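Trainee: What follows is a structure written as structure tokens; I'll ask about it next.
The values are calculated or read from the model by the stated rules, or taken from the named source; none is laboratory data. Keep in mind that this is a model prediction, so the values were computed, not measured. Heads up, the Cβs are rebuilt from the backbone with ideal geometry, glycines too, and the neighbour counts pull from every protein chain shown.
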């Protein structure tokens, strides 16, 4: 109390011009996100907060003449695990791109390691420059139609709500449980509501009636819109629409067709799942803002979506704007339309300059050994991968849609040899395998995919949303078996195999999802993986590993594969491969 009073008095003294500010940024063109106008003025900062806008003296001054000053960007929904680095390394990557606050959902690591995974993400993000707020995983496992590494009840989640960086309940993806008022789901919704916490949605493929159900349940956001029509339906019902541009799901350009000055305040930008190499080379929320402006959105409106909207959505009362009493999370831009970021300030401290982090963060928090040793798998043999089928029969096939996480349900004739399906490169029909890796059950789901583009080799990964079993595909059973063996030996990660030998790999020892190495080292391994993917025939018009990681997610239409078998999302049940 005493320290807080002293800081408040000092801030008021600076605002009243009785004492100088710590820092004054002068002459910049300030983007006022409240009124959407440009104002040339000075910003006085003390103890990490903005004390005033106007004519102030400071112990230090920065001249921003000719440049633009905008609030720090906020990513409204992101899974840090998808970047395959620790929270500290994630901070080093996104801060130079102007992202100063994120709303992270750790349901990837929670599906593997449960409460231990949530604690790892909280402890690993403590004390780093990036503000990491968490939404607690609502669906672990995501559905009852697969085997994950953990099962989280509302009693296990409830203590986390007392943590100051926990904002609410993460994406509710099990719509049938909400619709049917299933008790375990209702308990989670009521628990979050009684704590006055936010609840995120996951309304993939839901019609207007489904949105009614979600809104009635207190669910207020959705990041799964893929059409402008869906975005409008959700906004009209009162939802916040998260405009997503990630690695697998690139929906932003389509969704922007629904956005105008009348409804833009119901939108925020998110990345959801974005790979490390794309974050480094392309950007994070800065990329979303840039694309929105290129597509014709007013720059001030795009910046408002990236800042104030996200802050208000999650109740971050001191973030999202440049105004007295707000945290001094600021970006200085060389150019407004290209979002050319010159400097990034976090709580009044310069943390990145011209695209470079000034002081790298490295978490001293070591993961629990249980999180590191997360792959428990019975040996997989060639016999385990046989798909027995009748001659001249038609098959249910997962059709890949490039740069989307939804799939097509295809029905095609397939190649049968001696009563078993054989992959066919000419028709691009390959075998897909999901092997349970948490509890040594020996479960192996088998299916057929079309469109992955491999012509000689196999790939495998323990990044397989959301249960994160081992997922693999390839042109031969021998290469698939070898890829799975290498994954188990590495205790998780990504691998490319050709002619029975490993071509490239990325070990992910933390829950099979996250590397324990610096971001630069991880990115080097990703570059080697990308080269290896080209060697086995991938055109790289989309990332096969990113696409592969969503083929085991049975809440995204239309067909997916779990460790139990082929799953029809629209019918919400398993189906056979043979039609």
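Trainee: Only one of 94, 46 is surrounded by 24 or more Cβ atoms within 10 Å (Cβ to Cβ) and in the same structural domain as residue 191 (by TED's automatic domain parsing); which?
Mentor: 94
Trainee: OK, next. Take residue 324 and tell me if it is over 31 Å from the mean Cα position of the chain (by Cα) and within 27 Å of residue 22 (Cα to Cα).
Mentor: Here the answer is yes, as residue 324 does meet what is asked.
Trainee: Quick one: which of 203, 142 is touching a strand residue (DSSP E or B) at 6+ places or on another chain (Cβ under 6 Å), modelled with pLDDT under 95, outside the structural domain of residue 462 (by TED's automatic domain parsing) and part of a loop (DSSP other than H, G, I, E, B)?
Mentor: On the way: 142 fails: touching a strand residue (DSSP E or B) at 6+ places or on another chain (Cβ under 6 Å).
Selected residue: 203, the only one of 203, 142 that is touching a strand residue (DSSP E or B) at 6+ places or on another chain (Cβ under 6 Å), modelled with pLDDT under 95, outside the structural domain of residue 462 (by TED's automatic domain parsing) and part of a loop (DSSP other than H, G, I, E, B).
Trainee: Look at residue 488 and say whether it is assigned by TED's automatic domain parsing to the domain that holds residue 380, part of a helix (DSSP H, G or I), under 29 Å from the mean Cα position of the chain (by Cα) and within 26 Å of residue 152 (Cα to Cα).
Mentor: On the way: assigned by TED's automatic domain parsing to the domain that holds residue 380: yes; part of a helix (DSSP H, G or I): yes; under 29 Å from the mean Cα position of the chain (by Cα): yes; within 26 Å of residue 152 (Cα to Cα): yes.
Judged against the criteria, residue 488 is a match.
Trainee: Let me ask another. Conditions first: (1) outside the structural domain of residue 386 (by TED's automatic domain parsing); (2) under 30 Å from residue 362 (Cα atoms). Residue 493 passes all but one, so which condition is the exception?
Mentor: (1)
Trainee: Here is a further query. Contact list please: Cβ distance under 9 Å, first residue in the stretch 227-239 and outside the structural domain of residue 254 (by TED's automatic domain parsing), second residue assigned to a loop (DSSP other than H, G, I, E, B) and modelled with pLDDT of 95 or more, pairs at least six apart or on different chains.
Mentor: Filtered contacts from the stretch 227-239: no entries.
Trainee: Please find, within the stretch 513-570, the residue that is farthest from residue 90 (Cα to Cα) out of those that are in a helix (DSSP H, G or I) and without any contact (Cβ under 8 Å) to a residue 24 or more places away in the chain.
Mentor: Of all residues in the stretch 513-570, those in a helix (DSSP H, G or I) come to 519-535, 544-549.
Filter again for without any contact (Cβ under 8 Å) to a residue 24 or more places away in the chain, leaving 520-521, 524-525, 534.
On the way: 520: 11, 521: 13, 524: 15, 525: 16, 534: 27 Å.
Checking each candidate, the answer is 534.
Trainee: For residue 185, state whether it is assigned by TED's automatic domain parsing to the domain that holds residue 287 and either assigned to a loop (DSSP other than H, G, I, E, B) or within 17 Å of residue 77 (Cβ to Cβ) (or both).
Mentor: Criteria not met by residue 185.
Trainee: Are any residues in the stretch 107-131 crowded, with 23+ Cβ neighbours inside 10 Å and in contact with a strand residue (DSSP E or B) (Cβ under 6 Å, 6 or more places away or on another chain), and if so, which ones?
Mentor: 107, 125
Trainee: Still on this structure, please answer the following. Looking at 17, 10, 5, which is the one that is out of contact with any helix residue (DSSP H, G or I) (no Cβ under 9 Å at 6 or more places or on another chain), over 30 Å from residue 117 (Cα atoms) and part of a loop (DSSP other than H, G, I, E, B)?
Mentor: Testing whether each residue is out of contact with any helix residue (DSSP H, G or I) (no Cβ under 9 Å at 6 or more places or on another chain), over 30 Å from residue 117 (Cα atoms) and part of a loop (DSSP other than H, G, I, E, B) leaves just 17.
Trainee: Take the conditions surrounded by fewer than 21 Cβ atoms within 10 Å (Cβ to Cβ) and in contact with a strand residue (DSSP E or B) (Cβ under 8 Å, 6 or more places away or on another chain) and apply them to residue 252. Does it pass?
Mentor: Details: surrounded by fewer than 21 Cβ atoms within 10 Å (Cβ to Cβ): yes; in contact with a strand residue (DSSP E or B) (Cβ under 8 Å, 6 or more places away or on another chain): yes.
Yes.
Trainee: Filter the stretch 31-43 down to residues that are surrounded by 15 or more Cβ atoms within 10 Å (Cβ to Cβ) and within 30 Å of the chain's Cα centre (by Cα) and give me whichever is farthest from residue 11 (Cα to Cα).
Mentor: Restricting to residues being surrounded by 15 or more Cβ atoms within 10 Å (Cβ to Cβ) and within 30 Å of the chain's Cα centre (by Cα), the top hit is 36.
Trainee: In addition: Give the number of residues within the stretch 402-431 that are over 15 Å from residue 576 (Cα atoms) and within 33 Å of the chain's Cα centre (by Cα).
Mentor: 13
Trainee: OK, next. Is there a residue in the stretch 492-511 that is at pLDDT below 95, more than 20 Å from the chain's Cα centre (by Cα) and either surrounded by fewer than 23 Cβ atoms within 10 Å (Cβ to Cβ) or over 18 Å from residue 277 (Cβ atoms) (or both)?
Mentor: no
Trainee: Could you list, in sequence order, all residues of the stretch 416-426 that are surrounded by 16 or more Cβ atoms within 10 Å (Cβ to Cβ) and farther than 21 Å from residue 483 by Cβ?
Mentor: Across the stretch 416-426, the qualifying residue is only 416.
Trainee: Tell me, please, whether a residue that is farther than 23 Å from residue 568 by Cβ and surrounded by 13 or more Cβ atoms within 10 Å (Cβ to Cβ) can be found in the stretch 385-400.
Mentor: Within the stretch 385-400 (the criterion being farther than 23 Å from residue 568 by Cβ and surrounded by 13 or more Cβ atoms within 10 Å (Cβ to Cβ)), the answer is no, since none of the residues qualifies.
Trainee: Sticking with this one: Using the structure shown, decide if residue 479 is buried (at least 18 other Cβ atoms within 10 Å of the Cβ), within 25 Å of residue 402 (Cβ to Cβ) and more than 21 Å from the chain's Cα centre (by Cα).
Mentor: Working: buried (at least 18 other Cβ atoms within 10 Å of the Cβ): yes; within 25 Å of residue 402 (Cβ to Cβ): yes; more than 21 Å from the chain's Cα centre (by Cα): yes.
Spelling it out, residue 479 is indeed buried (at least 18 other Cβ atoms within 10 Å of the Cβ), within 25 Å of residue 402 (Cβ to Cβ) and more than 21 Å from the chain's Cα centre (by Cα).
Trainee: Further question: How do the pairs read when you match residues in the stretch 378-397 that are without any contact (Cβ under 8 Å) to a residue 12 or more places away in the chain with residues anywhere that are outside any loop (DSSP other than H, G, I, E, B) and surrounded by 15 or more Cβ atoms within 10 Å (Cβ to Cβ), using Cβ under 7 Å and keeping only pairs 6 or more apart or on different chains?
Mentor: Qualifying pairs under 7 Å: none.
Trainee: If you take the residues of the stretch 357-380 that are farther than 30 Å from residue 445 by Cα and out of contact with any helix residue (DSSP H, G or I) (no Cβ under 6 Å at 6 or more places or on another chain), which of them is surrounded by the most Cβ atoms within 10 Å (Cβ to Cβ)?
Mentor: 358
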